[in-house]
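What follows draws every value from the coordinates through simple rules; no lab data is involved. These numbers come from a predicted model, not from an experiment. Here the Cβ is made from the backbone with ideal geometry for all residues, glycine too, and neighbour counts use every protein chain on show.
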Amino acid sequence: MPELPEVETVRRTLNELITGKTIGKVSVRLPRIIQKPDDPEAFAALLEGRTFTGAERRGKFLRLMLDGLVLVSHLRMEGRYGMYREDEPVEKHTHVIFHFTDGTALRYKDVRQFGTMHLFVPGEDLISAPLRKLGAEPLDEAFTPDAFRAALGKRTTKIKPLLLNQEVIVGLGNIYVDEALHAAGVHPEREADTLTRAEKDRLHAAIVATLRSAVEAGGSSIKSYVNGQGEMGMFQHKLKAYGRTGEPCGTCGSPIVKSTVGGRGTHVCLRCQKPPKGSRAKTVREDRAPRGHAVKRRLDGTGAADS
C-alpha cells in the first residue's frame, strides 16, 4: 500500500496535471469504487462541469479539490491515476475516467479493486468517515516532540503496531516504520511506555527525517509504484533496514534480521536495536533475489501508485 511519501508524490504530480481542468463527464466502470454517494450516476452528475482547483493530502488519502466539492480518494493496494489523451486505448482495470473538456482524461486504474472514492462538501470530509479519526500528520509543523510524546501517551502497545495505527499518526506503513525505528535504535517490540524521553525524541526526529527524505526521493518503488507521470520513486536505494535481510547494518555491520511483529514482516539490526527481555518475535527465513530484482520497473509513462 502506498505510504505517506508515495501519496504525497502522487498529490504533487496530480496538482500539476489536473489543476484548472474542467470535467465534461465521468465514466464509472466499477460501481463499488464509488462509496459516497452510493449511486455512481449521482457521483458522475455531481462532478460534471466542475473544475479541479488543486490536490491535497490527509494521511494516505488524496483530497482532490473542485469548485464546491472535495473528492477523497484512497489508492489502497494498487490504485493508480494517469493522464491520457481521449483517443488513447483504455487499458484493462481502468475503473473510473474523468473526461476533461480539453480532450484529455484522468483515468483511475486498480488491479486489486480495493480503492475508494467519496464526494463531500468542503470541510465535511474532515469530520466524516474515512478521515475523521485520523491522527497527527508527521510532516506538519504541529508535529513537535511534545506532540509525539502526547500521542504515544502511556500506551503499553508495542511501538511498531502503535506507529502503524492511523488514528495515532497518519501515513506510516511497514517500510517507513522499519526505517525510522532502525534509525532511532529502537526495537519494534518495545512497549511504547518503556521508551525514555530521549528515545521518544530520537524516534520523532527519525520519523520526520525519514519521511522528508522519502518525499524528496519521490517515494519508494518496492513493487510497481510510479507517480502520475510514470516515474519511479528512488528512496528504495536509501533503505537501511526494510528489505535488506542478511545484509550488513550500515552502522555496526551486523546482519539485518527479518522477523514478524504484529503479523507484519519486520527488519531490524539486533545489535543497534536491542530487543526487550522475553522477545518472542518469530525469525523469518527468506530466499533473497539479487538486490534490485525486487523492483518491478514500469517506465511506460502511465499510472500512479501501488505498494
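Values as computed for the structure displayed
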{"read-out": "Förster radius 51 Å - calculated FRET efficiency between residue 132 and residue 238, Cβ distance, rounded to 0.05", "value": "0.90"}
{"read-out": "Footprinting exposure proxy for 244, 32, 197, 202 (fewest neighbouring C-beta atoms within 10 Å first)", "value": "197, 32, 202, 244"}
{"read-out": "Extension gain, residue 87 back to residue 113 (0.36 nm per residue minus Cα-Cα distance, nm)", "value": "6.9 nm"}
{"read-out": "Pairwise FRET efficiency - residue 16 versus residue 140, Cβ, R0 = 30 Å, nearest 0.05", "value": "0.85"}
{"read-out": "Protection-proxy order for peptides 15-23, 73-81, 120-128, each taking the mean of Cβ atoms within 10 Å per residue, highest first", "value": "73-81, 15-23, 120-128"}
{"read-out": "Residue-span extension gain [residue 196 to residue 38] - 0.36 nm each, minus C-alpha spacing", "value": "52.1 nm"}
{"read-out": "Length released on extending from residue 48 to residue 77, taking residue separation times 0.36 nm less the Cα-Cα span", "value": "7.7 nm"}
{"read-out": "Cut-off 16 Å, label 7 Å out along Cα→Cβ of residue 121, residues of region 3-39 by amide N", "value": "37"}
